[in-house]
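Structure first, commentary second.
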Amino acid sequence: MQYVLRGRPPGCIACEALAGGVNAETLVLHRGEHAFLMLNRYPYNVGHVMICPVRHLVDPSEMTDAEMLETMKLLARCGDLFRRTMNAGGVNAGLNLGAASGGSVDHLHLHAVPRWVGDTNFISIIGGTKTLLETLEGTWTRLRKEIEAW
Ligand SMILES: [Zn+2]
């Protein structure tokens, strides 16, 4: 409800978050040279992160080799991050490209969502409602603690 009522912020939410630094308010977890990792403010599941190029890009065809490499390296690390911090048993990763794809953020981003065996429940399926068992700040703190050791 908070999301519906507040409307969309001006500018790019990914660029604005990155400009605000690595902290629980911006939800940015890690800044690399070409790519960064941030929590999704409207997660599909606890721990849902987005891996974004540092440059404001819209389409993967605009990415340099270095940006692609660092983005995929961060994705590869997410599996271990989710397993170590949340005991996750898997990761869903994906891109929504183009206006018809359902994406809501212009800044190119790769979703990485931790999964657990049996994590889909009747509320999600029947009610179309998602319950999250942890606050975003709690998730940020848990993931950031592990990332500080990178
Ligand atoms: Zn941007």
Test: His30 is buried (at least 16 other Cβ atoms within 10 Å of the Cβ) and more than 12 Å from the chain's Cα centre (by Cα): no
Verdict on His48 being more than 17 Å from Trp150 (Cβ to Cβ) and away from the ligand (no atom under 14 Å from the Cβ): yes
Qualifying positions in the stretch 41-57 - over 14 Å from Cys78 (Cα atoms), at pLDDT 95 or above and surrounded by 19 or more Cβ atoms within 10 Å (Cβ to Cβ): Pro53
Every pair of residues 6+ apart whose Cβ atoms lie under 7 Å, when the first sits in the stretch 15-35 and is farther than 19 Å from Arg142 by Cα while the second is of a type in the set (A, V, I, L, M) and open to solvent by 30 Å² or more (accessible area, probe 1.4 Å): Leu18/Val54; His34/Val54; His34/Ala66; Ala35/Val54
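The values are calculated or read from the model by the stated rules, or taken from the named source; none is laboratory data. Remember, predicted model here, so these are calculated numbers, not experimental data. As a convention, Cβ positions derive from the backbone with ideal geometry for all residues, glycine included, and neighbour counts pool all protein chains shown. Accessible surface is based on the protein model in full, side chains and every heavy atom, while ligands, DNA and RNA are left aside. Shrake-Rupley method; radii C 1.70, N 1.55, O 1.52, S 1.80 Å.
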